[in-house]
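I have placed the structure first, in the form of structure tokens, so that the comments after it can refer back to it.
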Amino acid sequence: MSRTDSKSTTFVMERESIAPPLAVNGLTAAYQKKPVLRGVSFTVTEGELVGVIGPNGAGKSTMMKAALGLIPRLSGEVLVYGKPYKQQRKLVGYVPQRESVDWDFPTNALDVVMMGRYGHLGLFGRPGAKERAIALECLAKVGMADFASRQISQLSGGQQQRVFLARALAQDASLYFMDEPFAGVDAATEKAIITLLQELKQEGKTVIVVHHDLATVEEYFDSVLLLNVEVMGYGKTKDVFTQDLLQRTYGGRLAFLDRSGLAQPDITKG
């Protein structure tokens, strides 16, 4: 895609090629003195789609926010291509949970996507025709070009999610964090999202996704992080996404099997 300019390409080439996209070591976080993450450690291989799986309250979103410095950590180290996240912001894109966004903010879809270019403009830079063209290209990539001037509050949930994915694309990152991008979207949007993730992977990008639908994990992800406050398992999907480790991760909330024989979480138990 033409969204990559020479400046960002140079920046990406300057990263330490021998360092992994993400290395988390001993990450611990708490809310009101109650631990929600304890000693979380894992290292991500470049060019992979990684699913973060676990029950409600397991700390999946907290892990992402703590890694990105959005909430404080009690301890631990997070390295992006061998350096602290603050030094590597331009290499990282983030798609938050849709429920955490103020969708009543008076702005349109194009402006939201153009926000993804600010990291490339410098402190006093202002977006111009080039940034507008890149933003429109990213909207087209997620099937939202016809909605560029639409206020975000007037979009459906799936359309809003696509706009935030387009904003992440506009960042032209190398490492993406996506917090439940499939939540509450229709089948067409889910198909568009997974197609986009596969394209990012083909471009050599690395994507970490909080995900709930166990039935699609094997289809969607190269590796899986099983999380329930602590790491219950991490590795290639074929090795980690097993009945034993899922039972360990979900405990009593993994109570029945779907038609394929894969255990599903028992949502009736919260």
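The residue that is modelled with the highest pLDDT, counting only those in the range 126-135 that are surrounded by fewer than 19 Cβ atoms within 10 Å (Cβ to Cβ) and aliphatic (A, V, I, L, M), is A133. Considering the range 14-64, the residues that are of a type in the set (K, R) and in contact (Cβ under 8 Å) with a residue 12 or more places away in the chain include one that is farthest from F177 (Cα to Cα), namely R38. Can you name the residue in the range 33-54 that is more than 13 Å from the chain's Cα centre (by Cα) and buried (at least 22 other Cβ atoms within 10 Å of the Cβ) and, of all such residues, is nearest to T249 (Cα to Cα)? The residue in question is G54.
Total residues in the range 98-113 satisfying the condition of being modelled with pLDDT under 85 and surrounded by 18 or more Cβ atoms within 10 Å (Cβ to Cβ): the figure is 1. L123 meets the conditions (1) modelled with pLDDT under 85; (2) within 26 Å of T62 (Cα to Cα) in every case but one. The failed one is (2).
Against the numbered list (1) in a helix (DSSP H, G or I); (2) touching a strand residue (DSSP E or B) at 6+ places or on another chain (Cβ under 7 Å); (3) of a type in the set (A, V, I, L, M); (4) at pLDDT 90 or above, I194 comes up short only at (2). Scanning the range 141-167 for residues that are modelled with pLDDT under 90 and among the charged types (D, E, K, R) returns K141, R162, R167. Do we have any residue at all in the range 179-197 that's without any contact (Cβ under 8 Å) to a residue 24 or more places away in the chain and over 15 Å from the mean Cα position of the chain (by Cα)? Checked the range 179-197: at least one residue is without any contact (Cβ under 8 Å) to a residue 24 or more places away in the chain and over 15 Å from the mean Cα position of the chain (by Cα).
For the range 73-85, check the following and say yes or no: at least one residue is at pLDDT 90 or above, assigned to a helix (DSSP H, G or I) and under 16 Å from E230 (Cα atoms). No, that holds for no residue. Exactly one residue out of D222, D244 is in contact with a Ser or Thr (Cβ under 9 Å, 6 or more places away or on another chain), among the acidic types (D, E) and modelled with pLDDT of 90 or more, and it is D222. Among the residues of the range 152-205, those that are under 15 Å from Q97 (Cβ atoms) and touching a Pro at 6+ places or on another chain (Cβ under 8 Å) comprise Q161, F164, L165, D179, I193.
Has the range 217-225 got any residue that is under 21 Å from K65 (Cα atoms), touching a residue at least 12 places away in the same chain (Cβ under 8 Å), part of a helix (DSSP H, G or I) and not small (G, A, S)? There is no residue in the range 217-225 that is under 21 Å from K65 (Cα atoms), touching a residue at least 12 places away in the same chain (Cβ under 8 Å), part of a helix (DSSP H, G or I) and not small (G, A, S).
Filtering the range 171-181 to residues that are under 19 Å from Y85 (Cα atoms) and of a type outside the set (D, E) leaves Q171, A173, S174, L175, Y176, F177, M178. Going by the structure shown, is A173 hydrophobic (A, V, I, L, M, F, W, C) and surrounded by fewer than 19 Cβ atoms within 10 Å (Cβ to Cβ)? Judged against the criteria, A173 is not a match.
The values are calculated or read from the model by the stated rules, or taken from the named source; none is laboratory data. Just so we're clear, the structure is a prediction, and the values are computed from it rather than from any experiment. Ideal geometry is used to build each Cβ from the backbone, glycine not excepted, and the neighbour counts take in all protein chains shown.
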